[in-house]
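The values are calculated or read from the model by the stated rules, or taken from the named source; none is laboratory data. Predicted model only: the values in this text are computed from it and were never measured. Here the Cβ is made from the backbone with ideal geometry for all residues, glycine too, and neighbour counts use every protein chain on show. Side chains included, ligands, DNA and RNA excluded: accessible areas come from the protein's heavy atoms. Shrake-Rupley method; radii C 1.70, N 1.55, O 1.52, S 1.80 Å.
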Amino acid sequence: MIFQAEMTFAEGLQLTAIAMAIVFTLLFIISLILGLFKYIPQEEKKVVPQRKSPMAAAPVVPTGVNWDELEADEDMMVAALVASMESAGEEKETNYKITRITKL
């Protein structure tokens, strides 16, 4: 029948049409199944309320770092350089500004 030694052109077209119909039907069924996934309930993320610390009552306004102070104190200059290197990490093209340095 279809798998004869000699196949006519019409039988070849019929076999091609049936195979394509099967493939597109299966693709449509798969898309419907994947479309149903949006109706599966997801786990809700637990929202943890952030606690306000007593220290954060008043916002701290940075006063800025004076370049003359950095040049005068070598320890401050090293601290500023290390802070800028740590904030940049592996990135080479960064534009960070140091606003405050505090001695501990």
Quiz item: Which helices (runs of 4 or more DSSP H) sit wholly inside the range 5-90 and have at least 1 residues that are modelled with pLDDT under 85?
Solution: 67-72, 74-88
Quiz item: What pairs can you find where one residue is in the range 62-82 and over 20 Å from ASN95 (Cα atoms), the other is open to solvent by less than 40 Å² (accessible area, probe 1.4 Å) and modelled with pLDDT of 75 or more, and their Cβ atoms are less than 7 Å apart, with a gap of 6+ or different chains?
Solution: GLU69/MET76
